[in-house]
């Protein structure tokens, strides 16, 4: 093989690698950053011991604590409790938030009547309602689910409401020009146009639901990842605390990524900027 052919093959290989990098640049840079962070954390916590393990721990110690919790069965128990609470609370939030938000966006007077209550409840910190929930519902599943729903429902509801309210006028006028009924406009124009924004609300609601799970288990639970974190924190068991934090982070990232992918599938339905007129 001549030098020219070798140079051409080398150039094609570099071009292919460059395209591969550009195609996956976000994932590659993110992975490198995470690996570098974990490496430095391990060196600082276990090798250099520049910080007391009580305050920092290390990835290897956290992994060891997680394995011990799994082998003892405690981790699966806490995970099952938190998982049920999250799925139930988030599902209830969707069932309430999406239809109610669509109704608020479609019926203007209904929105005017409910707007003060929605804004007040959305602005108030959820944790402030904990004492009332304990008084009304006790410390069982009902109070925890109520807290999770209160945390998650409003982003879902408000996105659904605003999605219906901001349906492009051009689409509405086109439907009316064909003598479409209100029901036909709602079903064939408003709902498809609102889907991407509703999915964005579901993504925001998922994060809020996880926060609701943590807060509920921190104060009014006898099991769950949040309760495990609280118990470990009270005994200065940093390893177990970080196991819980990592679990919440991984579940949150996975849920948000799945919802983001679903949102992208419907992104072509999203009205383009300037289509309102």
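Every number here is computed from the coordinates shown, using simple stated rules; none is lab data. Worth saying up front: this structure is predicted, and the values here are computed from it rather than measured. As a convention, Cβ positions derive from the backbone with ideal geometry for all residues, glycine included, and neighbour counts pool all protein chains shown.
Peptides 239-249, 196-206, ordered by how many other C-beta atoms sit within 10 Å of their residues on average, highest first, read 196-206, 239-249. How high is the FRET efficiency between residue 76 and residue 165 when r is their beta carbon distance and R₀ equals 51 Å, given to the nearest 0.05? According to the calculation, E is roughly 0.70. Computed extension gain for residue 51 through residue 128, at 0.36 nm per residue and net of the alpha carbon distance, reaches 24.2 nm. Taking a ≥ b ≥ c as the square roots of the Cα gyration tensor eigenvalues, the range 6-136 comes out oblate, since a/c reaches at least 1.5 and a/b does not exceed b/c.
Reducing the range 229-260 and the range 106-124 to their Cα centroids gives an inter-centroid distance of 34 Å. A simple packing score, the average count of other Cβ atoms within 10 Å per residue, orders the peptides 188-195, 219-226 as 219-226, 188-195, with the highest score first. Packing, taken as the mean count of other beta carbons within 10 Å per residue, orders the peptides 45-56, 83-94 from highest to lowest as 83-94, 45-56. The slack in the chain from residue 64 to residue 96, taken as 0.36 nm per residue of separation less the alpha-carbon distance, amounts to 7.4 nm.
Counted residue by residue at 0.36 nm each, then reduced by the alpha carbon distance between them, the extension gain from residue 176 to residue 262 reaches 27.9 nm. Rounded to the nearest 0.05, what FRET efficiency do residue 34 and residue 222 give with R0 = 51 Å and r taken as the Cβ-Cβ distance? Could you check? Working from the Cβ atoms, E equals 0.90.
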